[in-house]
Every structure is written in structure tokens, then in C-alpha cells.
């Protein structure tokens with residue numbers, strides 16, 4: 001009986017750890033989405049400026 005109780009306690013701890021990992025992963029996904037949106041905004045700003053500076057080539061020629 002003690003072995004069965006220990007297995008149940010271990011299972012509960014593993015489930016709790018798994019739930020914490022899922023929460024952390026969800027937070028990482030949210031942060032990643034926010035960063036992607038910010039990066040997209042920055043890239044669009046560069047694209048808007050591109051026609052103004054397109055006359056100057058990168059190699060100076």
C-alpha cells in the first residue's frame with residue numbers, strides 16, 4: 001500500500017511540474033509573438049524608408 005501511495009504522490013508531483021512547464025511555455029510563446037509583432041513593425045518602418053535611400057547604393061557607386 002505504501003508503494004502505491006508513493007507512486008500516486010510521484011505522479012501528482014510530475015503532473016504539477018508538467019503544468020508549470022506548460023505555463024512557462026505559454027509565456028514564452030506569448031513573448032515570442034510580441035517580439036515578432038515588434039520586429040514586423042520595425043521592418044515595415046525600414047521598408048517605408050527604403051525608396052528615399054534607394055538612390056545611394058551600398059557599395060558607394
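What is the gain in length, in nm to one decimal, between residue 29 and residue 6 on full extension, counting 0.36 nm per residue of separation less the C-alpha to C-alpha distance?
Net length gain for the segment: 4.8 nm.
Starting from a Cα-only point model with no solvent, please compute log10 I(q)/I(0) by Debye for the range 7-52 at q = 0.21, 0.24, 0.30 1/Å.
For the requested q values the scattering log ratios are -0.74, -0.81, -0.94.
Each reported figure results from applying straightforward, stated rules to the coordinates on display, with no laboratory input. Not measured: the values here are computed from a predicted model.
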